[in-house]
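First up is the structure itself, then whatever we jot down about it.
The values are calculated or read from the model by the stated rules, or taken from the named source; none is laboratory data. On a predicted model such as this, the values are computed, not experimentally measured, just so you know. Cβ placement follows ideal geometry from the backbone for every residue including glycine, while neighbour counts extend to all protein chains displayed.
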Amino acid sequence: MNTSTALTETAQRQPPSHPSEITAIRGITDRIQLPRSGFLRLGEPMEGRQYPKALDHFRPDIESPSLAEAFRERYGDKPKEVPFVFPHPQFGVVAAQAYRYYRGSKVAPTEGKRRGILACKGEGRTGWATRRTDDGTWETIECPGAEECAYCRSDTNSQPKCVRSMFMLILPYELPTWTVLQVNTTSRHSMNNVNAALVTLQRTRGQIDFIRCVLRLVPQQVMFPDKNGVFKATNAHVLQIDIGEPLTEFVKAPPLIGGYEVQVAPPDDDECPADDLYGPQYMNDEETQETAETDPVNPKGANSAPSAPPSPRNPGRSGDSKEWFF
């Protein structure tokens, strides 16, 4: 019996006969959650540009000054690789992927970052989507895909503002504290690399959480459209996950943590990632903007039908009654 199971059974046991037998609080003791402290950015804001310039290294954006300094001392000012583990056993939590459409975004004057409201989140063509209604509630609809969805287009720009995106959560285990960092990308190549790594981890180790890996930002030739919509080859940097040692040794190494399941707060969809990912052609701003050249790391956006609409909460593993934090 692992610790989380023991905590759950403690809360569900027979009525206590003495105060000393009460040692757990329902909804608190059975929820183990790691903190999320910031981001590893793939771009850098540039003066005169309304979206960041792509980088060939990670740019840490960490809330705690002491943790930010510890990260810099351990990995340097311009790290191109970071050893890490995935902090959760579910693909959909550690690498949440969806088409997302934000509206009403503005640059926050105190932060210099874009903030918007998530208006729609979908799986793509033939899939489901959840869309915010005028009264702030959510309705489930069929997703026609970004290229055919009139809802995510404006009158002044025919390009869809709904773009694919991945919010990935990693735990850099060499830092002096247990914390989770988020990595955002809209790159198809990065998503393909991460998905392949997750499947390989599951098949070689039987799990994806707390297995030592290395996250790298590597050069790769990609095709992306220019201002006229003509696809051209260019060199970009994309995410890649490696195991850092020969496969024969990798399959023998024990997990960083075994027999214990923790929770991690899923990425906040209402925290608009536009400051790191989207060019102005994707945003529905109140102010007039010029359509800028797409970041080569994040080319313009472009899937089986599910049996049921997505749940507003991640149900966790099969049979797991715990709720995930949003």
Worksheet entry | Output for region 46-79, where each listed residue is closer than 18 Å to N184 by Cα and outside any loop (DSSP other than H, G, I, E, B) | K53, A54, L55, D56, H57, F58, R59, P60, D61, I62
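Okay, residues lined up against (1) in a strand (DSSP E or B); (2) surrounded by fewer than 16 Cβ atoms within 10 Å (Cβ to Cβ); (3) modelled with pLDDT of 95 or more:
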site: N184; (1), (2), (3): yes, no, no
site: R203; (1), (2), (3): no, yes, no
site: V214; (1), (2), (3): yes, yes, yes
site: F224; (1), (2), (3): yes, no, no
site: N228; (1), (2), (3): no, yes, no
site: T234; (1), (2), (3): yes, yes, no
Response to the item:
Here the residues within region 62-99 that are under 22 Å from R164 (Cβ atoms) and out of contact with any helix residue (DSSP H, G or I) (no Cβ under 8 Å at 6 or more places or on another chain) are Q90, G92, V93, A96, A98
Item to complete: Would you point out which residue out of G43, G38 is on the phi > 0 side of the Ramachandran plot and in the same structural domain as V214 (by TED's automatic domain parsing)?
Response: G38
Worksheet item: Is there any pair with a first residue in region 80-91 that is within 20 Å of P219 (Cα to Cα) and a second that is in a strand (DSSP E or B) and among the aromatic types (F, W, Y) whose Cβ atoms are under 8 Å apart and which are 6 or more apart or on different chains, and what are they?
Response: K80/F58; V82/F58
